[in-house]
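Accompanying notes for the structure given below.
The values are calculated or read from the model by the stated rules, or taken from the named source; none is laboratory data. Owing to the predicted nature of the structure, the values given are computational and were not obtained by experimental measurement. Cβ atoms come from the backbone with ideal geometry, glycine included; neighbour counts cover every protein chain shown.
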Amino acid sequence: MRKLLNNLYITQPDVNLGRDGKNIVIYQKGEKTQQFPVQYFENIICMNYTGMSPALMELCLENNVNITFLSQQGKIKARVVGHVTGNVLLRQEQFRIADDEARALEFARLFMHGKLYNSIQVLKRGIRDYPDAQFINELQETIDKLLNSKNNIGIVTNLAELLGVEGDSSRNYFQVFDNLIVKQKSDFTFEKRVRRPPTDPTNAMLSLTYGMVRTLVESALTTVGLDPFVGFFHQPRPGRTSLALDLMEELRAYMADRFVLTLINRQQIKKEDFFRKESGAYLFTEESLKKYLNLWNKRLFDKITHPYLEEKIEIGLIPYTQAVLLARTIRGDLNLYPPFMMN
């Protein structure tokens with residue numbers, strides 16, 4: 001299994017990145033402050049930065065270090081990747097599947113099966129952790145609705161019908177999400193999913209964390225030789241990495257939603273860590289963003305037993321592992337793609 005490397009996060013506006021031999025050099029206000037060997041990293045994620053030298057970009061691309069420009073609202077502004085590897089025959093088969101709705105629907109059903117399974121597991125954990133809470137019946141009713149949606153996955157006849165199932169299940173899931181916030185209740189209220197812009201701290205963290213997961217998924221798909229822009233469930237749209245959005249569906253609940261709930265309920269992140277812009281959007285303060293990223297990075301190195309491979313892997317390798325399994329299925333090495341399903 002591949003070794004999980006670190007991500008380098010650039011958050012300060014007065015930071016420049018340069019190169020010294022095989023090292024990444026960080027300059028702040030013109031002064032050299034830190035230096036790291038390039039082989040320590042697999043991603044550089046830039047937020048609020050002022051520049052990066054062409055020489056460093058060349059070094060990163062030579063060493064398969066992806067560079068992503070990400071906003072605090074979770075939007076990927078741009079990515080810089082090196083030479084695309086992988087067998088062109090794999091990508092040709094990916095394109096054939098995407099052009100055949102019946103075959104694409106088979107994969108889309110599996111992505112959705114993983115999403116609903118993991119969403120149900122998040123709600124079940126809420127029941128298990130807080131058995132005496134008043135919201136237990138409401139969570140159970142939503143679980144029943146999601147189970148019904150999961151059954152409907154098998155009977156839909158086209159992608160449009162499956163999209164309807166996805167929309168209904170997401171609305172039902174987020175209608176009870178606020179119940180899972182049991183600490184700092186007055187500071188982290190959640191009424192509904194709001195994206196552009198996120199108008200409360202909870203939505204702000206969800207959006208940012210989805211962006212972090214998407215960054216890992218896009219890098220993983222590129223690494224195994226798949227085209228992240230050509231999806232099976234999400235239809236092609238200029239500039240949209242549709243396959244990355246497909247694969248993200250099964251990872252949202254486990255990698256993002258549970259992480260955000262943990263930060264709130266363990267009081268690792270507080271309301272004071274955010275500020276509100278004139279547009280109504282909530283963002284992390286500069287120091288709080290560093291705290292969030294440190295907690296996120298630690299989470300990525302936590303180990304789990306992968307439910308399909310039955311091997312210990314770091315959480316940060318889940319996107320890569322699923323991308324490998326997806327590529328094997330497209331090549332015909334596996335009869336059926338096994339979505340990630342949390343324990």
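Which residues, counting only those in the range 263-286, are of a type in the set (D, E, K, R), under 22 Å from Thr199 (Cβ atoms) and exposed (fewer than 12 other Cβ atoms within 10 Å of the Cβ)?
Glu272, Lys277, Glu278
Taking the range 11-43 as the region of interest, how many residues are surrounded by fewer than 11 Cβ atoms within 10 Å (Cβ to Cβ) and within 26 Å of the chain's Cα centre (by Cα)?
Residues that pass the stated criteria total 1.
Go through Thr199, Thr189, Thr241 for me and flag whichever is among the β-branched types (Val, Ile, Thr) and under 23 Å from Ala323 (Cα atoms).
None of the other options fit; the residue is Thr241.
Please go through (1) free of Cβ contacts under 8 Å to residues at least 24 places away in the same chain; (2) closer than 23 Å to Phe41 by Cβ for Asn297 and return the number of the only condition it doesn't satisfy.
The single condition Asn297 does not satisfy is (1).
Quick one: how many residues across the range 301-343 are without any contact (Cβ under 8 Å) to a residue 12 or more places away in the chain and among the basic types (Lys, Arg)?
2
Can you pull out every residue in the range 80-92 that is within 21 Å of Pro319 (Cβ to Cβ) and at pLDDT 75 or above?
Val80, Asn87, Leu90, Arg91
Only one of (1) in contact (Cβ under 8 Å) with a residue 24 or more places away in the chain; (2) surrounded by fewer than 15 Cβ atoms within 10 Å (Cβ to Cβ); (3) small (Gly, Ala, Ser) is not met by Ala160, so which one is it?
(1)
Considering only residues that are within 18 Å of Asn118 (Cα to Cα) and modelled with pLDDT of 90 or more, which ones fall in the range 327-343?
Correct list: Tyr337, Pro338, Pro339, Phe340, Met341.
Does any residue in the range 232-247 that is over 20 Å from Asp100 (Cβ atoms) and in the same structural domain as Asn118 (by TED's automatic domain parsing) come within less than 6 Å, Cβ to Cβ, of a residue that is of a type in the set (D, E, K, R) and at pLDDT 85 or above six or more places away or on a different chain, and which pairs are these?
Correct list of pairs: Thr241/Glu218; Ala244/Arg214; Ala244/Glu218.
Only residues that are closer than 18 Å to Pro339 by Cα and crowded, with 20+ Cβ neighbours inside 10 Å: list them for the range 287-305, please.
none
Within the range 169-196, track down each residue that is out of contact with any helix residue (DSSP H, G or I) (no Cβ under 8 Å at 6 or more places or on another chain) and either assigned to a loop (DSSP other than H, G, I, E, B) or in contact (Cβ under 8 Å) with a residue 60 or more places away in the chain (or both).
Residues satisfying the conditions are Lys185, Ser186, Arg196.
Residue by residue through the range 248-282, note down the ones that are closer than 16 Å to Ala108 by Cβ and either free of Cβ contacts under 8 Å to residues at least 12 places away in the same chain or aliphatic (A, V, I, L, M) (or both).
Met248, Leu251
Taking the condition of being in contact with a helix residue (DSSP H, G or I) (Cβ under 6 Å, 6 or more places away or on another chain), closer than 15 Å to Phe284 by Cβ, of a type in the set (A, V, I, L, M, F, W, C) and not in a loop (DSSP other than H, G, I, E, B), how many residues in the range 260-274 meet it?
2
Looking for whichever is out of contact with any Phe, Trp or Tyr (no Cβ under 6 Å at 6 or more places or on another chain) and not assigned by TED's automatic domain parsing to the domain that holds Pro198 here; the options are Phe275, Phe259, Phe340, Phe301. Which one fits?
From the options Phe275, Phe259, Phe340, Phe301, the qualifying one is Phe340.
If you take the residues in the range 3-44 that are basic (Lys, Arg) and part of a loop (DSSP other than H, G, I, E, B), which one is nearest to Gly316 (Cα to Cα)?
For the range 3-44, the residue satisfying everything is Lys3.
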